[in-house]
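Undergrad: Sharing a structure with you now.
The values are calculated or read from the model by the stated rules, or taken from the named source; none is laboratory data. Fair warning: this is a prediction, and the values are worked out from it, not measured in the lab. Methodologically, a virtual Cβ is constructed for each residue, glycine included, from the backbone with ideal geometry; neighbour enumeration extends over all protein chains shown. For accessibility, only protein heavy atoms count, side chains too; no ligands or nucleic acids. Shrake-Rupley method; radii C 1.70, N 1.55, O 1.52, S 1.80 Å.
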Amino acid sequence: MERAGRSARRMSRLSRAAHVVRALITAALVTVLYYVAPLDWGVGVGTVVMLLGALVVFGWLLVWQLGTITRAAYPWFRAIETMATTVPLFLVLFSATYFLLGHDVPGSFSEPLTRTAALYFTISVFVTVGFGDIVPTSEAARGLTSVQMIVDLILLAVLGKAVIGSVRVGLRRRRTPPDTGPEPEPDWGREDLP
């Protein structure tokens, strides 16, 4: 029996480690894909439609991942995976759009944007630091940055609350024994009842 307990604890540690490793790999993969993606089609209506479509897919992915947290054996670790997927993906979506805008409409930002500069700008807007070394100068760039700021606020509020709520549901689910059907009716005629 003791051997089975040690084996279960070892599997538990391995499972938790696997969650962390998957989170790191996912974040790295999203970042690498950003750097190797062919971003040379320019900015136009198609870019706006793609950004909006990507945000819808992002929303669907987030909802799906919140459901997986509630069913996970280790909800906190699944939550870490969710954050490691959604936050980099969100940042990369806006970075790619800024990069395209900066290349297609020169002068949209205070300096030309490389992919790294676009990612840096996106992160500085996301964390509301805004160092001021890269600033949007065109109406389109200011509009896009404003949209990101609004979505950032919504994302931070919703994501934090939703992830914590999903973890709580998952933890409650783990503590609650499975439903075995209706409880039997008490036998009120028995004498051993108080």
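Undergrad: What's the number of the only condition in (1) among the aliphatic types (A, V, I, L, M); (2) assigned to a helix (DSSP H, G or I); (3) open to solvent by less than 80 Å² (accessible area, probe 1.4 Å) that Val43 fails to meet?
TA: Going through the list (1) among the aliphatic types (A, V, I, L, M); (2) assigned to a helix (DSSP H, G or I); (3) open to solvent by less than 80 Å² (accessible area, probe 1.4 Å), Val43 breaks only (2).
Undergrad: Moving on to the next point. Quick check on this structure: which one of Leu62, Leu24, Leu55, Leu33 is open to solvent by 80 Å² or more (accessible area, probe 1.4 Å), of a type in the set (A, V, I, L, M), touching a residue at least 60 places away in the same chain (Cβ under 8 Å) and touching a helix residue (DSSP H, G or I) at 6+ places or on another chain (Cβ under 8 Å)? Steps first, answer last, please.
TA: Working: Leu62 fails: open to solvent by 80 Å² or more (accessible area, probe 1.4 Å); Leu55 fails: open to solvent by 80 Å² or more (accessible area, probe 1.4 Å); Leu33 fails: touching a residue at least 60 places away in the same chain (Cβ under 8 Å).
Going through Leu62, Leu24, Leu55, Leu33 in turn, the sole match is Leu24.
Undergrad: Taking Leu91 as the residue in question, decide whether it is open to solvent by 90 Å² or more (accessible area, probe 1.4 Å), among the hydrophobic types (A, V, I, L, M, F, W, C), under 27 Å from Ser146 (Cα atoms) and modelled with pLDDT of 85 or more. So that I can check it myself, show each step before the final result.
TA: Numbers: open to solvent by 90 Å² or more (accessible area, probe 1.4 Å): no; among the hydrophobic types (A, V, I, L, M, F, W, C): yes; under 27 Å from Ser146 (Cα atoms): yes; modelled with pLDDT of 85 or more: yes.
Answer is no for this residue.
Undergrad: Do we have Val151 as in contact with a strand residue (DSSP E or B) (Cβ under 9 Å, 6 or more places away or on another chain) and open to solvent by 30 Å² or more (accessible area, probe 1.4 Å) here?
TA: On the way: in contact with a strand residue (DSSP E or B) (Cβ under 9 Å, 6 or more places away or on another chain): no; open to solvent by 30 Å² or more (accessible area, probe 1.4 Å): yes.
Considered against the rule, which asks whether it is in contact with a strand residue (DSSP E or B) (Cβ under 9 Å, 6 or more places away or on another chain) and open to solvent by 30 Å² or more (accessible area, probe 1.4 Å), Val151 comes out as no.
Undergrad: Looking at Leu113, Leu144, Leu101 in this structure, which one is surrounded by 14 or more Cβ atoms within 10 Å (Cβ to Cβ) and either assigned to a loop (DSSP other than H, G, I, E, B) or of a type in the set (Asp, Glu) (or both)?
TA: On the way: Leu144 fails: either assigned to a loop (DSSP other than H, G, I, E, B) or of a type in the set (Asp, Glu) (or both); Leu101 fails: either assigned to a loop (DSSP other than H, G, I, E, B) or of a type in the set (Asp, Glu) (or both).
Only one candidate qualifies: Leu113.
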